[in-house]
Structures are given as structure tokens and as C-alpha cells.
Amino acid sequence: QVQLVESGGDLVQPGGSLRLSCAASGSISSLYHMGWYRQAPGKQREMVAIIFSDGSRTYADSAKGRFTISRYTTRNTVYLQMNNLKPEDTAVYYCNAVRGENSYWGQGTQVTVSS
């Protein structure tokens with residue numbers, strides 16, 4: 001069983017930066033794909049960034065050039081560095097780990113971008 005715990009969400013002004021962390025308990029090997037998703041009020045959950053088991057990455061168009069996903073397998077941790085934040089980035093951000101048919105979610109961390 002894998003448990004994911006996100007942290008780092010906060011209230012930040014437009015143009016600011018945050019780094020979200022996802023700490024995994026249990027075995028998160030490099031074979032897992034790790035991703036960040038977000039859900040804004042009244043909207044569906046959407047993919048923000050994924051780092052695959054081979055190290056390749058993909059980003060939502062809205063995240064390209066501003067967000068960076070990284071992982072430290074030995075620490076069982078995945079990060080999402082978010083720069084130049086915009087009000088439309090306001091959402092609950094969730095960490096996800098996938099390997100085959102197994103998919104795990106964290107409880108989410110709130111990011112609010114507002115002046």
C-alpha cells in the first residue's frame with residue numbers, strides 16, 4: 001500500500017512562486033509514474049504535470065514554461081515548482097502515483113493565488 005502526503009500549498013500573490021511536495025510512504029520505486037493534478041471549484045480534476053518512470057515529463061499547456069516537476073526516488077518525494085503563478089492556478093493540487101493498474105492519490109493541498 002502506498003500513501004501520499006502533499007504539502008506546500010499556500011496563499012500567494014500573482015507572480016509569486018510555490019514549491020509543492022509529495023512524500024510517499026511505502027515503496028515508490030522508479031517504476032512508478034508520478035503526477036500532479038489540480039481541481040478548481042466547480043471544475044473537473046485536470047493533469048498539471050507527470051514524470052514518467054523513464055524520467056520523461058509532460059506538462060499541461062497552462063503549466064509549460066512556469067512549472068517544473070521533479071522526483072527524488074531515494075527520498076520517495078516528488079516536487080512541483082510553480083513560478084509566475086496566476087489567479088487561474090488557484091485549486092487543490094493532488095499528487096498521484098501509478099504503476100500498472102495501481103493508482104494512488106494524496107489528500108490534496110490548497111493553492112490560492114490572489115492579491
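Any read-out appearing in this document is the output of simple, stated calculations on the displayed coordinates, not a laboratory observation. As the structure is a computational prediction, the values presented were derived from the model and not from experiment. Methodologically, a virtual Cβ is constructed for each residue, glycine included, from the backbone with ideal geometry; neighbour enumeration extends over all protein chains shown.
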May I ask you to derive the relative contact order of the stretch 10-115, considering only C-alpha pairs under 8 Å and at least 6 residues apart, and to give it as an integer percent? 36 percent
Between Q81 and E101, what FRET efficiency comes out of the Förster formula 1/(1 + (r/R0)^6) with R0 = 30 Å and r the beta carbon distance, rounded to 0.05? 0.50
Which value, in debye to the nearest 20, describes the size of the charge dipole of the chain about its Cα centre when Lys and Arg Cβ atoms bear +1, Asp and Glu Cβ atoms bear -1, and nothing else is charged? 140 debye
